[in-house]
1. Considering all alpha-carbon pairs of the chain, what whole percent are spaced by more than 44 angstrom?
2. Evaluate the relative contact order of the range 306-456 (contact order divided by residue number), counting alpha-carbon pairs under 8 angstrom at least 6 apart; express in whole percent.
3. Taking only C-alpha pairs under 8 Å that are 6+ residues apart, what is the relative contact order of the range 206-270 in percent?
4. Quantify how much of the Cα-Cα distance distribution of the range 366-456 extends past 17 Å, in percent.
5. S145's amide H: which non-local residues (gap 5+, or another chain) put their own amide H closer than 5 Å, with H modeled 1.01 Å from N in plane and none for Pro or chain starts?
6. Per residue and in cubic angstrom, what volume does the convex hull of the Cα atoms of the range 137-233 have?
7. If I compute solvent accessible area with a 1.4 Å probe over the protein chains, what percent of it on the chain is carbon and sulfur?
8. When the helix-only estimate is applied to the chain (DSSP H runs of n ≥ 4, each -39,500 (n - 2.57), divided by the residue count), what is the mean residue ellipticity at 222 nm, nearest 500 deg cm²/dmol?
Amino acid sequence: MRLPENFWPQQESFEIMSMKMEVTELGPMKRALKIEVPADEVTQRFSEAYVELNRQVRIPGFRPGKAPRAILEQRYAKTIEENVIRNLIPDFYDRAIKEAGISPVVVEIPPLDRVKIKKDSPFTFTATVEIKPVIELRDYKAPNSMTLQQDKRTISDEQVDRALGVLREQQAQLDALPAGATLAEGDYAVVSLEGFLDGNSLEGTKKENHLHKVGSKAPLLGIEIDSHLVGKTEGDFVEIAQPYPAGHPDPRVAGKTVQFRLNVTAVKQKKLPVLDDEFAKDCGPYASLEELRGKVRGEMEKALKKDVEEAHKDTILSRLADTYQFDLPESLVERELDTIVRQKIQERQRVQEADAAHRADAEEVKQIREDHREAANRRVKIGLILEAIAEKEGLSVSEEDLNDEVTRLASELRMPLGELVKMIQAGGRESIEKLRIKILTDKALDFVYREAVIQA
């Protein structure tokens, strides 16, 4: 599936007249930009807005587009003022941050109802911005590249043999034990279990044709059955008395003893296939065991190479975090904490499936934020360093990069591509920008890794 045409936002350019600007420092990471739009520009924008309005509205007694401006002003003055403000602010704000040479993180612009504008007069507004820090980069590329210790791990024959053993387990068959044979640890039993209270079957305590590995210690309906299976054979019945405490949440069994009847309906033994050429053919398009062994070794070496690369990149990230010291934009830290809070709550809900409707209260959210503030600071810091490296090295994100990343994410999440695209579109520009920054910082990390020197 291809992503829709014009899925990624396109840049626009504007012809804008000169303006006045004052920059006031409100803190290490905060600036106030007082911007004055010249009267000529304001007048031109009003004129353009009324011309466009005249084409769209129908005034009784006048042909389309021929209504006098005075009548339009009487009827639509407030609407036109809001439209002019809505168009002027982003245009001149974009120019102001370029002239000021700052990289904004968060922008605060006063609401429209608090901003006044008059035709033929200058228009003034103030934008408060939180900015990215200026980072003096060093020691990340030749001739001062990072040095990393060589990872000398290799894939041994024993590791390949263990991997083949896993494949044998996956290809194993369960064969019936000889008649009269008794169960031992490692054997398999097909069992049925049912609970009775006062001689009557207890609803919700019945399980039939369940395959159980003897010695696995896996409970069945909350009952430990391993000790009752050892030495039993096909057709045996076992009575298990299970007492429940008075405080048990199920009032039917609280303070009572339930009699469980365990029936062994079959006894089986796992039979591993012989490790030979026929086994290799059963595993896939392999002509011989040696070919399968080579494939397994190749996949393991590929996984090891990826693991080594990730370990080296973790080292690089730690060194970057330790090398640079600068103030962090608080809004970015808070945004990162918001993400962490969502992730932690989702993790808890997955673990506690029965309480999936649980919603974290304010105290729980506060605790999560406190516990993970240091991690959020580190993530933001590393992200800003990598963005600075990307800018200095001229790295960029193309539409093809974005498409490739969306396709990769869809595969990783096992989600239809179209569904993921809809999710990204629903998130708007912010969602796309997060994706773009992730790709950009990954490219910057790859750049530093390629520049690093691996020492033996």
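1. Pairs farther apart than 44 Å: 46 percent.
2. For the range 306-456, the relative contact order is 28 percent.
3. 28 percent.
4. For the range 366-456, the fraction of Cα-Cα distances above 17 Å is 62 percent.
5. Here the answer is none, since no amide H 5 or more places off falls under 5 Å of that of S145.
6. Taking the convex hull of the Cα positions in the range 137-233, it is 246 Å³ per residue.
7. Heavy-atom surface of the chain belonging to carbon and sulfur, 1.4 Å probe: 48 percent.
8. Theoretical 222 nm ellipticity from helices: -16500 deg cm²/dmol.
The values are calculated or read from the model by the stated rules, or taken from the named source; none is laboratory data. Remember, it's a predicted structure, so these values are computed and weren't measured experimentally. As a convention, Cβ positions derive from the backbone with ideal geometry for all residues, glycine included, and neighbour counts pool all protein chains shown. When the accessible area is computed, the model is the full protein with side chains, heavy atoms only, and any ligands, DNA or RNA have been set aside. Shrake-Rupley method; radii C 1.70, N 1.55, O 1.52, S 1.80 Å.
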